[in-house]
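The values are calculated or read from the model by the stated rules, or taken from the named source; none is laboratory data. Note that the coordinates shown come from a computational prediction; the quantities given were computed from them, not determined experimentally. As a convention, Cβ positions derive from the backbone with ideal geometry for all residues, glycine included, and neighbour counts pool all protein chains shown. Please note that ligands, DNA and RNA were not included when accessible areas were found on the heavy atoms of the full protein model with its side chains. Shrake-Rupley method; radii C 1.70, N 1.55, O 1.52, S 1.80 Å.
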Amino acid sequence: MKSSKAILVLFAITLLTSCGTIKSNLKNIDNAAIKPQVKNEQFLITEYAKDSNYGYDKDYPINLGFENEKNSPKNIAYFFNGLEGPKGEKIFYLKKENCCPYPTKRSVMGAGTLEVYEVSIEGTDKKLQLYLNIYEKGKVLCPKGLQIKKYNPQ
């Protein structure tokens, strides 16, 4: 898995340098965004996205780059643990691919990619495709089609 990530990063750098200057198309980066509070292994998400592109469009990914990229699996799990289906159903997520290389100063390689996740909702055939960004920061919201999981202190 690590070798495929290294190959992808090398591909992204090659693409960026071979094409000259490639600018980022990401529209929702917010360097002043604050990492959501974490309780019981989940982000305490407090707001719903108003824009239907949020998370579903590669130009409006869910930006979780609050720490270095080594901590991204933990933040991705916290994000998905803070969500549920529209009627309170359990959700499942699976990383499908990396895509959409762009230049960034927040990566040791100088390039970042988005991670594409497939989200399934328990008891339905519905599958959602969400774009996550582990390098840039942004306000963490609940994408349309899902709901915020209520915090259960257990």
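Could we say that residue 105 is open to solvent by 40 Å² or more (accessible area, probe 1.4 Å) and modelled with pLDDT under 95 here?
Taking the combined requirement at face value, the residue satisfies it.
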Among the numbered criteria (1) hydroxyl-bearing (Ser, Thr, Tyr); (2) over 19 Å from residue 47 (Cβ atoms); (3) more than 11 Å from the chain's Cα centre (by Cα), which one does residue 117 miss? (3)
Kindly provide the set of residues from the stretch 36-52 that are free of Cβ contacts under 8 Å to residues at least 60 places away in the same chain and open to solvent by less than 60 Å² (accessible area, probe 1.4 Å), ordered by number. 38
Qualifying residues in the stretch 53-75 (those that are aromatic (Phe, Trp, Tyr) and open to solvent by less than 40 Å² (accessible area, probe 1.4 Å)) - the one modelled with the lowest pLDDT: 66
Look at the stretch 108-127 and say how many of its residues are assigned to a strand (DSSP E or B), open to solvent by less than 90 Å² (accessible area, probe 1.4 Å) and either without any contact (Cβ under 8 Å) to a residue 24 or more places away in the chain or not aromatic (Phe, Trp, Tyr) (or both). 10
Unique residue being under 21 Å from residue 27 (Cα atoms) and either out of contact with any Pro (no Cβ under 8 Å at 6 or more places or on another chain) or of a type in the set (Asp, Glu) (or both) when the list is 73, 86, 143: 143
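Condition check ((1) within 17 Å of residue 35 (Cβ to Cβ); (2) polar (S, T, N, Q)) across all residues:
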| residue | (1), (2) |
| --- | --- |
| 106 | yes, no |
| 115 | no, no |
| 124 | no, yes |
| 140 | yes, no |
| 145 | no, no |
Return a yes/no flag: does the stretch 21-29 have any residue that is of a type in the set (Lys, Arg), touching an Asp or Glu at 6+ places or on another chain (Cβ under 9 Å) and at pLDDT below 95. yes
Within the stretch 63-86, count every residue that is touching a residue at least 40 places away in the same chain (Cβ under 8 Å) and not in a helix (DSSP H, G or I). 9
Name the residues in the stretch 128-152 that are of a type in the set (Val, Ile, Thr), under 15 Å from residue 82 (Cα atoms) and part of a loop (DSSP other than H, G, I, E, B), would you? 140
